[in-house]
1. What spacing in nm lies between the two simple spin-label points modelled at ILE24 and LYS2, each 7 Å away from Cα in the Cβ direction?
2. Tell me, what is the percent relative contact order of the chain, built from C-alpha pairs under 8 Å that lie six or more residues apart?
3. Tell me, what is the Rg over Rh of the chain, with Rh the Kirkwood radius over Cα pairs?
4. How far, in nm, would the chain grow between GLU67 and ASP105 when pulled straight, counting 0.36 nm per residue and subtracting the alpha carbon separation?
5. What residues have an amide H closer than 5 Å to that of PHE33, excluding those fewer than 5 places away on the same chain, when H is modeled at 1.01 Å from N in the peptide plane?
6. Run through the range 1-105 and list the GluC sites (Glu not before Pro) located in a DSSP loop whose Cβ has at most 13 other Cβ atoms within 10 Å.
7. Taking 1 over the mean of 1/r across every pair of different Cα atoms in the range 50-101, what Kirkwood radius in Å do you get?
8. Quick one: ILE12, ILE24, ILE54, ILE72, fewest Cβ neighbours within 10 Å first, how do they rank?
Amino acid sequence: MKILVVDDEKDIRPLFEQRFRREIKKGEIDFEFAYSGEEALEYMKKYMHGAVLILSDINMPGMSGLELLEQIKEKNHNPPPVVMMITAYGDKENYNRALELGADDFLTKPVNFTELKEKIKTLEYD
């Protein structure tokens, strides 16, 4: 499963690679990283929407995660990728806006990797 992680914090990469090292080694998960919404859209354009799952931070400079979500869901991907929004703020406004724009799930920081792995497993069997 290819997963695109979108977050302006560059230290997110080693964290995900450490927490998913077994899955990466087994070839079960392949992570790609984008450090802005704009970079994520370029990745998706270049690789023909190859990501099955997108994990996106909401608060980023430039294009926010909510703006990215809107762009992803407006493009008629077939099938559309699953998009989980990640934020340090669990406020109702961001949560409701993300759901309105088509977010499939909503996670808060710090990410609970055990919970995230369980969510990913359910995607594999759908």
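Coordinate-derived values only; no laboratory data. All values derive from a computational prediction rather than experimental measurement. Heads up, the Cβs are rebuilt from the backbone with ideal geometry, glycines too, and the neighbour counts pull from every protein chain shown.
1. Each label point lies 7 Å from its Cα, and together they span 1.7 nm.
2. Relative contact order for the chain comes out at 23 percent.
3. That ratio equals 0.93.
4. Result: 12.1 nm gained on full extension.
5. Under 5 Å from the amide H of PHE33 lie the amide H atoms of VAL5, each far enough along the sequence or on another chain.
6. Counting only loop positions with at most 13 other Cβ atoms within 10 Å, the GluC sites (Glu not before Pro) in the range 1-105 are GLU9, GLU28.
7. Kirkwood hydrodynamic radius for the range 50-101: 11.4 Å.
8. Ascending number of Cβ neighbours within 10 Å: ILE24, ILE12, ILE72, ILE54.
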